[in-house]
Each structure stands twice: as structure tokens, then as C-alpha cells.
1. Please report, ordered by residue number, the helices (runs of 4 or more DSSP H) entirely within the range 122-239 with at least 2 residues that are over 23 Å from the mean Cα position of the chain (by Cα) and farther than 28 Å from Gly37 by Cα.
2. Could we say that Gly115 is more than 19 Å from Ala41 (Cα to Cα) and not assigned by TED's automatic domain parsing to the domain that holds Leu224 here?
3. Between Leu44, Leu106, Leu60, Leu82, which is under 17 Å from Pro23 (Cα atoms), assigned to a helix (DSSP H, G or I) and either out of contact with any Leu (no Cβ under 8 Å at 6 or more places or on another chain) or modelled with pLDDT under 95 (or both)?
4. With without any contact (Cβ under 8 Å) to a residue 12 or more places away in the chain and farther than 30 Å from Gly98 by Cα as the only criterion, which of Gly220, Gly189 stands out?
5. Let me spell it out: the conditions are (1) closer than 14 Å to Gly37 by Cβ; (2) surrounded by 19 or more Cβ atoms within 10 Å (Cβ to Cβ), and Thr77 meets all of them except one. Which number is the exception?
6. So which residues in the range 110-123 are over 16 Å from Leu85 (Cβ atoms) and surrounded by fewer than 18 Cβ atoms within 10 Å (Cβ to Cβ), if there are any at all?
7. Does Arg209 satisfy being farther than 30 Å from Val108 by Cα and free of Cβ contacts under 8 Å to residues at least 12 places away in the same chain?
8. Could we say that Ala239 is touching an Asp or Glu at 6+ places or on another chain (Cβ under 9 Å) and either touching a residue at least 12 places away in the same chain (Cβ under 8 Å) or hydroxyl-bearing (Ser, Thr, Tyr) (or both) here?
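The values are calculated or read from the model by the stated rules, or taken from the named source; none is laboratory data. Quick caveat, the model's predicted, so the values are computed rather than measured. Cβ coordinates were reconstructed from backbone atoms using ideal geometry, including for glycine residues, and neighbour counts include every protein chain displayed.
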Amino acid sequence: MSVDRLARPEPSRSRRRRAAPGPAADDVLVVGLGRFGSALADELVGLGHGVLAVDADPELVQRHADRFDQVVVADATNAEALRQLGAGEFRQAVVGIGGDIEASILTVLALLDCGVPNVWAKAITAEHGRILERVGAHHVVFPEMEMGRRVAHLVTNRMLDYIALDDRLVLVEVPVPASLAGATLRSAGVREHHGVTVVCVKPAGGGYRMSQPDWELRDGDTLLVAGPPEVAEAFGRLA
């Protein structure tokens with residue numbers, strides 16, 4: 001079985017070079033170069049990780065040929081093709097295939113057959129996710145569903161961001177409510193009066209800083225607070 005590898009140009013000086021053959025411990029095999037997979041691979045490269053990107057579409061692979069360590073045209077549903085790529089040497093792989101559920105499931109199975117110990121997979125429906133879990137995917141993510149829920153919380157008030165850590169704890173990014181401007185974190189009593197914990201404060205025009213009791217809250221500052229979903233949203237509505 002043939003696997004079509006695309007040669008990479010000389011990597012930039014900022015990109016890590018490896019003297020030893022084979023992937024490093026923190027390199028990642030990414031299967032599927034749609035919007036999710038390509039964005040994931042881009043971020044991994046930006047964080048300094050090596051990426052082997054795989055897709056069955058030659059045009060899509062060609063489009064990304066100069067962006068990642070290696071970009072390969074291959075049928076990732078075939079375990080033998082993945083073995084030729086050295087998939088079993090990777091400690092982590094991500095299956096970003098969403099539109100073709102059968103290909104998504106077969107790719108997860110092929111990666112498991114190759115012995116990849118940590119397989120992440122994208123699911124587009126709850127049923128798809130359950131199947132991926134049952135066939136052995138170690139982590140299943142629902143990017144469209146999670147983003148939809150996240151945006152639903154943002155469009156109804158002035159919260160700047162909303163991240164659910166679990167069903168009972170969320171992180172909310174929110175402007176300082178006018179009623180708290182001029183008070184310090186200690187005197188404002190945010191936890192006592194509003195039931196949320198201020199984790200960080202971002203002054204206008206600056207970066208986030210860990211919260212300190214004597215920090216004076218000002219109009220234009222941003223708070224990162226943690227708390228139960230209903231309580232955090234209620235605090236967000238104060239803005």
C-alpha cells in the first residue's frame with residue numbers, strides 16, 4: 001500500500017529541530033484537515049509541537065503542505081496505511097473527521113489497532129460520540145455543540161466569555177459592574193454578596209493579573225470569575 005508524502009520546505013528557525021528519527025513524546029498525529037483539524041494543528045505548531053497531518057483529500061493536503069512538519073495523503077481508516085506512517089510511535093492522535101461518521105469511527109479503530117495510547121476524536125452528534133466512546137476513543141469532543149452552548153450564554157448579556165468546566169462550575173469573563181467601580185475586591189465582597197470568586201483582574205489596556213484583596217476595581221477593568229452557572233450568569237448581568 002502506497003502512502004503519498006509531501007516534502008516540507010526547510011523549517012523556520014523558531015521551529016524545533018529533532019536530531020533523533022521518529023516523533024518526539026509531545027508530537028501529535030492529526031487526522032482530518034477540515035476547519036477543526038487544521039485549526040488544531042496550527043495551534044499545536046504555534047505551541048512548539050511537531051505535527052504529522054493526514055487527510056485522504058490530495059487537494060486539501062496540498063493546501064496545507066507548507067504549514068506543518070509533515071502533511072500526508074493517506075487512507076487513515078486503514079491500519080496498515082497508518083503503520084507505514086509510524087502512527088504507533090505517536091503517544092497522542094486527534095481524529096478531526098466530522099462529516100463522514102463511518103470514516104471517523106474506522107480511523108479511531110485503526111489508530112487503536114496501531115497501539116496509539118491516547119486518541120482524541122471529534123463528534124458531531126451525541127450518538128456519534130457514544131459510538132466513538134464504545135469503540136475505544138479515550139477522549140471525545142463536541143466542538144460545534146460546545147461552541148453553540150457557549151455562545152448562547154454570551155448573546156443574552158454582557159459577558160465577554162463563558163467556559164463551562166463542568167455542570168457545577170463555570171468561568172465567566174465580564175466587565176466590572178458599575179456598582180462595584182471604585183471599591184477594592186475586599187470591600188466589594190464579591191464572594192459574600194454575589195457568590196462568585198474573582199480569579200483574575202484585567203485592567204483596561206493591560207493583561208490579566210491574579211486577584212489581590214486591595215485591588216481597586218475601575219470602570220473598564222475586566223474580571224474573570226468562577227462560580228456555579230446560575231450565580232455566575234447573574235453576576236454577569238450586573239454589567
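1. 185-188, 190-194, 229-237
2. It is true that Gly115 is more than 19 Å from Ala41 (Cα to Cα) and not assigned by TED's automatic domain parsing to the domain that holds Leu224.
3. Leu44
4. One residue alone meets the criteria, Gly189.
5. Checking Thr77 against (1) closer than 14 Å to Gly37 by Cβ; (2) surrounded by 19 or more Cβ atoms within 10 Å (Cβ to Cβ), the one that fails is (1).
6. Pro117, Asn118
7. Criteria met by Arg209.
8. It is false that Ala239 is touching an Asp or Glu at 6+ places or on another chain (Cβ under 9 Å) and either touching a residue at least 12 places away in the same chain (Cβ under 8 Å) or hydroxyl-bearing (Ser, Thr, Tyr) (or both).
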